[in-house]
1. Sort 71-82, 50-61 by packing, meaning the average of other beta carbons within 10 Å per residue, with the highest value first.
2. Send over a whole-number figure in Å² for the accessible area per residue of the chain, probe 1.4 Å.
3. Determine the distance separating the Cα centre of the stretch 1-76 from the Cα centre of the stretch 92-111; give it in Å without decimals.
4. Among N73, F37, G116, flag the residue with its Cα farthest along the positive direction of the charge dipole of the chain, charges on Cβ as +1 for Lys/Arg and -1 for Asp/Glu.
Amino acid sequence: QVQLVESGGGLVQAGGSLRLSCAASGRTLSSYAMGWFRQAPGKEREFVSAIGRSGITYHADSVKGRFTISRDNAKNTVYLQMNSLKPEDTAVYYCAATTKVVVTTTVQEYAYWGQGTQVTVSS
């Protein structure tokens, strides 16, 4: 079983950047496809980005061109580089792992979750 810990969240002005990290322990990350999700107050958790075991990536339309997901299997870490941040990006961001072979955007298909890190973008 893999344990996930996110870091890198914080307060940033609109147009700024943040890089989130997700460090894994217990199992090697290379065995999992990884995803980032976010949840704003009063809203459902939504898909942001995912990266497969082969490195193929997929991003939600709302972040395409602004966010980049990457993985460093040697460091057992997944990253989410967030540029050109907007106030509507404000949310708790969660890292998640799935054993699914195909990259998936569905919350229910991710079995392992981190505790989340807060990202706040001021206007």
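The values are calculated or read from the model by the stated rules, or taken from the named source; none is laboratory data. Nothing here was measured: the structure is a model prediction, and the numbers come from that model. When we count neighbours, we look across all protein chains shown, and the Cβ atoms used for this are built from the backbone with ideal geometry, even at glycine. With ligands, DNA and RNA removed, areas are computed over all heavy atoms of the protein, side chains included. Shrake-Rupley method; radii C 1.70, N 1.55, O 1.52, S 1.80 Å.
1. So the peptides 71-82, 50-61, ranked by packing, come out 71-82, 50-61.
2. Here the residues of the chain average 50 Å² of exposed surface.
3. Between the Cα centres of the stretch 1-76 and the stretch 92-111 lies a distance of 10 Å.
4. My answer, from the dipole projection, is N73.
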